[in-house]
1. Report the relative contact order of the chain, percent, no decimals, based on alpha-carbon pairs under 8 angstrom and at least 6 residues apart.
2. Of the listed values (i) 84; (ii) 126; (iii) 143, identify the label whose number matches volume of the Cα convex hull per residue in Å³ calculated from this model.
3. Would you work out which of Gln2, Pro41, His59 lies farthest towards the positive end of the dipole of the chain, given +1 charges on the beta-carbon of Lys and Arg and -1 on that of Asp and Glu, about the Cα centre?
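Please treat every number below as a calculation from the coordinates, not as lab data. Quick caveat: nothing in here was measured; it's all calculated off a predicted structure. Counting neighbours? That spans all protein chains shown, and the Cβs are built from the backbone with ideal geometry, glycine included.
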Amino acid sequence: MQFSLNDNRTINAIITRLTNEDLDIIRKEVERLHSLKSFNPLFSAIADYNPSEFTPQAHDWLDMSDVDFQIMVSEFFWDALTFRVTREYAIGIFLDRDAREE
């Protein structure tokens, strides 16, 4: 489904007006999705992106020893997942409201 510019504005407005209850629902969904996989898919994506001859060693080191890297990737994954779920939630509100008006 392709959204118009006006639809995008409406969905963004919905996001800015989300209540604490809405944000709690979103947080719970992110937690649920996050718990489905025991391994962060970004670790593999980073390792597989244009690898060099030393990528396997660097990846092993980052995966096993570099706590700062692990925290950074985990936080980014959580933030990206939250960003996605928030938009899914807002689109659901938008489409539900649109369906009720028909």
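1. Values: 35 pairs, mean separation 50.6, N = 102.
50 percent.
2. Checked against the structure: label (iii).
3. Gln2
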